[in-house]
Amino acid sequence: MAPVDSQRRKFIQYTTLCGATVPLAGGLLLPPAAASEPAPGTIFRFPDDLSGLTADQQRHLPRITLPPVVEDGSQAPIEVVMDHPMEEDDYIKSIQILNFSDPIVIKGKFYFTPQNGEAYIATQIRLNGGESTVWVVAECSKHGRYAASKTVKVAAGGC
């Protein structure tokens, strides 16, 4: 039964980030630098050096508030804030919360329109026990996908 489960998990990883079954380097696709355009073959931008970001890159990068340690994994609070303006031709279309170490990888996908006024999420998610990385992928209508992550330790799992 384990081979089927691992195949299913890989499929979910591929389709979640790509929208199609496209292999990702090392299970997750991360461009090497904070460039204005993603590296060839990548699907979203992920800066290595967060201190040297331009203003344009900063407004596209999701800011995640997640406690470093969570006592109860069934109710882990998370907040995602975007500084991006919500204009008719340039706005945040969606924000997706993921955790690849959980049985249920997709924690939520939230859609926005310019009428929302801001791209902001505050919710609770379930996390498996132990240490894991929570990923947030934000998609801009004009500039593509940007990702950020936070590491969290969970004392008691919720999944």
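The values are calculated or read from the model by the stated rules, or taken from the named source; none is laboratory data. Fair warning: this is a prediction, and the values are worked out from it, not measured in the lab. For neighbour counting, all protein chains shown are included, and Cβ atoms are generated from backbone atoms with ideal geometry for every residue, glycine included.
Observations on the structure shown:
- Just so you know, in the stretch 40-94 the residues that are part of a strand (DSSP E or B) and buried (at least 17 other Cβ atoms within 10 Å of the Cβ) include one that is modelled with the lowest pLDDT, and it is Phe44.
- Flag for Gln115 being outside any loop (DSSP other than H, G, I, E, B), more than 20 Å from Glu79 (Cβ to Cβ) and either modelled with pLDDT of 95 or more or touching a helix residue (DSSP H, G or I) at 6+ places or on another chain (Cβ under 9 Å) (or both): yes
- Within the stretch 118-159, if we keep just the residues that are among the hydrophobic types (A, V, I, L, M, F, W, C) and not in a strand (DSSP E or B), the residue that is modelled with the lowest pLDDT turns out to be Cys159.
- When the criteria are applied in full, Val81 meets the requirement of being in contact with a Lys or Arg (Cβ under 6 Å, 6 or more places away or on another chain) and among the β-branched types (Val, Ile, Thr).
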